[in-house]
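Down below is the structure, laid out as structure tokens.
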Amino acid sequence: MIQTFLKTLVVLVAWLVALDIVGVIACVIFDVVPLRGSSGALPYAIWIVLGVFAGFLAFATAGAWAAEAGEQDWMERPGGMAVGNRVLVSSLVVLLGLGALFWWLYWSRGVAGEYFVPDSMPHTIVYFVSAFGAMLVGRSTLRAKAAA
């Protein structure tokens, strides 16, 4: 379990950081380019979409690395459900830990981060919740494959 946690930690943080950079660039572009119909919901939409991508990519990558499946798809293996459960629990711990860290570093000190992750508490929470939601959807596909 510790090995799966460490692998999930590395993969999840890497995907979150990579897509955070994409999100910051997208938010800056939409902030400086005059768009008709631009609203306050646009940054939330950006972070939701990127969170979903981060969740799916992290779940698939961490599961493959933890399962050490080689050529075979880890989701098709008999132990795929157990690996998926371990990755899911590890991801929840990582996301809660990052939330606590960001609370300690930024949010409790009144840092006004507009709509950038991790400066902005609401946008970061949306990003993390959408990533975890995507992981839950990924895990539900494991259940469907196991039942088939």
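The values are calculated or read from the model by the stated rules, or taken from the named source; none is laboratory data. Because the structure is predicted, anything quoted here is derived from the model rather than measured. Because the Cβ atoms are built from the backbone with ideal geometry, glycine has one as well, and the counts that use them run over all protein chains shown. Please note that ligands, DNA and RNA were not included when accessible areas were found on the heavy atoms of the full protein model with its side chains. Shrake-Rupley method; radii C 1.70, N 1.55, O 1.52, S 1.80 Å.
Data for the structure
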quantity	calculated
Inter-label distance for Val10 and Glu68, nm, one decimal - labels placed 7 Å from Cα along Cα-to-Cβ	1.3
In degrees, nearest ten, helix 121-147 long axis to first principal axis of the chain (Cα)	20
Protein accessible area in the chain, 1.4 Å probe - carbon and sulfur %	71
Of Ala41, Ala67, Ala100, the one that fluctuates the most in a GNM where the chain has Cα springs shorter than 10 Å	Ala41
In nm, spacing of pseudo-spin labels at Leu105 and Tyr44 (7 Å Cα→C-beta vector)	2.5
Cα-centred dipole magnitude for the chain, charges only on beta-carbon of K, R (+1) and D, E (-1), debye, nearest 20	340
Degrees, to the nearest 10: 2-32 long Cα axis against longest axis of the chain	30
Sorted peptide list for 88-98, 22-32, 49-59, criterion being average Cβ within 10 angstrom, highest first	49-59, 88-98, 22-32
Heavy-atom surface of the chain, accessible at 1.4 Å and reported per residue (Å²)	55
